[in-house]
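Bear in mind that the values in this text are calculations on the coordinates, not laboratory data. Because the structure is a prediction, the values reported are computed rather than measured. Backbone-built Cβ (ideal geometry, glycine too); neighbour counts: all protein chains shown.
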Amino acid sequence: MTDRSSAERLTRDLDWNLLRTFVVLAQSRSITDAAQRLRLAQPSVSTALKRLEERVGKRLIDRAPGRFAMTPAGAVLYREAVEIHGAIYRLSTLMRDMTDEVTGHVRLAMASHVICPLFDQVLTEFHAEHPRATLSISVHRSADVLASVASRSASMAICLVHRRDPKLEYLRLYREFFGLFCGPPHPLYGRVGLTQADLAGHSAVSFETDRLHDALRAVTLLRAESDLNEQIIGTSSHLEEVRRMVIAGLGIGPLPLHVVARDVADGLLWRLPPYDTPPAIDVHLVWNPRAVLNRAEQSLLDSLRHRISTTPITQRTYA
C-alpha cells in the first residue's frame, strides 16, 4: 500500500476522540491519572490508547512498572494532536462570532491568587467597553495553564514560566517578591531579633513548583540558605492552600509579600528572616500567536499588551 493511500485511510478511519484522549494521556503521569482527568474508567482509557496505537501502527507511550513516558512517535503525534484538538475546540466560538459580532467569550487560565492592580484595571475597562462579552477564569498549576494555551483551549494565560515554548509569546506582567512566614502556632511566631540561623531544622511547607529545576527556583534556594528541614511537610499548587498550612502551623512557608501584607497586619502571619534582598519572581502574560481569536479575546489581549508596554516595570513591581 502506498504512503498516500495509508494517509488517506488514517484520515478516514481515525476517531478524533482518540486524539483528545491521547492529549490528556501525554499530559498525565499515568493511565490512572489520565482517567481521573477524563472522568472515565481506567480500562476505557487503556483501550482507547491501544486502538490509537493500532490505527497509527506505532507504540505511543512506553508504559512499564514505574515508567510512563511518550515514545518518539508519541511525541510527534502529541505535537500535532495538540494543534488539532485546539482547532476543534475553538470551532464553536468561531462559528458563534460569525452570527453575533457583539459578544464573545474569553477563557483565561491563571495560576492561583494573582494579585495585580494593573490586570484588574484592564479587566474593569474591558467590561465597560464590551459589556456583553463573557469571561471565564480557570485556576490551575502554571504547567497546566501553559498547556491550555498551547492547545488553544485557553485564550491567554497569566502564570509563572520556567521553560519557554518557542510557539508561545510571553510578556512580563508583574514582579513580586517572596518572604518566609510562619503562623501563630509556630514557635518562632512573634519573636523579634531573629536571624536566618534561627530557622535551621524547622519544617517547611511550599509550592509544588518549589524545586531547583522549576519556576520557583529562587524560592528553593532561599529555603536551602535558611537550612530548613529538607522534608517538606505539605505542598500545594494553590497559594491559598500553602497560606492555610502556614497559618495552621504546619511549617515555615514562602509567600508573596504584597499578597499577604494584610495577613501580617491582622496577625495571621509572621515574617521571618532574611528581610533583605527577597527573591524576585516574575508573572507573565502568555498567548498563542497561532490561535484565531474572537473580537473579545483580541481586545483583551491588545489592552493588556498595550498597558504592559506603556507602564514601567517599577510600577508593575509589588514589594
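Classify region 174-281 from the C-alpha gyration tensor, please: rounded if a/c falls under 1.5, else prolate or oblate depending on whether a/b exceeds b/c. Rounded, because the longest to shortest axis ratio a/c is under 1.5. In order along region 173-189, phi translates into HN-Hα couplings of 7, 7, 10, 10, 10, 9, x, 9, 9, 9, x, x, x, 6, x, 8, 5 Hz, rounded to whole numbers, per the Karplus curve 6.51 cos²θ - 1.76 cosθ + 1.60 with θ = phi - 60° and x for Gly and Pro. Rounded to whole numbers, the Karplus 3J(HN,Hα) couplings from phi for region 153-166 are 8, 10, 5, 6, 9, 10, 6, 7, 9, 10, 9, 8, 7, x Hz, using 6.51 cos²θ - 1.76 cosθ + 1.60 with θ = phi - 60°, and x at Gly and Pro.
Scanning the chain for long hydrophobic helices, with DSSP H runs required to stretch 24 angstrom or more by C-alpha along their axis and to average at least -0.5 on the Kyte-Doolittle scale, returns 72-89. Sequence-ordered 3J(HN,Hα) estimates for region 277-292 from the Karplus curve with 6.51, -1.76 and 1.60 and θ = phi - 60° stand at 6, x, x, 9, 10, 9, 10, 10, 8, 10, 8, 9, x, 8, 6, 8 Hz, glycine and proline given as x. Our note on the geometry: Cα centres of region 110-181 and region 255-289, 17 Å apart.
Shape analysis of region 259-309 based on the Cα gyration tensor places the equivalent ellipsoid semi-axes at 38, 14, 10 Å, largest first. Amide H of residue 61 versus every other amide H placed in the peptide plane: which residues, excluding those fewer than 5 positions away on the same chain, fall under 5 Å? The list, which skips near neighbours in sequence, is 71.
With a simple spin-label model that places each label point 7 Å from the Cα along the Cα-to-Cβ direction, the separation between residue 29 and residue 55 comes to 2.9 nm. The order of 268, 25, going from fewest to most other C-beta atoms within 10 Å of their C-beta, is 268, 25.
Note on residue 266 and residue 197: the extension gain reaches 22.2 nm, defined as 0.36 nm multiplied by sequence separation minus the Cα-Cα distance. How many percent of DSSP beta bridges within the chain run antiparallel, rounded to 5? Of those bridges, close to 60 percent are antiparallel. Taking amide H positions as modeled 1.01 Å from N, with prolines and chain starts lacking one, no residue 5 or more places away or on another chain lies under 5 Å from residue 226. Shape class of the chain from the alpha-carbon gyration tensor: oblate, with a/c at 1.5 or above and b/c at least as large as a/b.
Counted by neighbouring Cβ atoms within 10 Å, the residues 209, 195, 32 run from fewest to most as 195, 32, 209. Only the Cβ atoms of Lys and Arg (+1) and of Asp and Glu (-1) were treated as charged; on that basis the dipole of the chain about its Cα centre amounts to roughly 840 debye. Extending 7 Å from Cα along the Cβ direction at residue 311 and again at residue 221 yields two label points whose distance is 2.7 nm.
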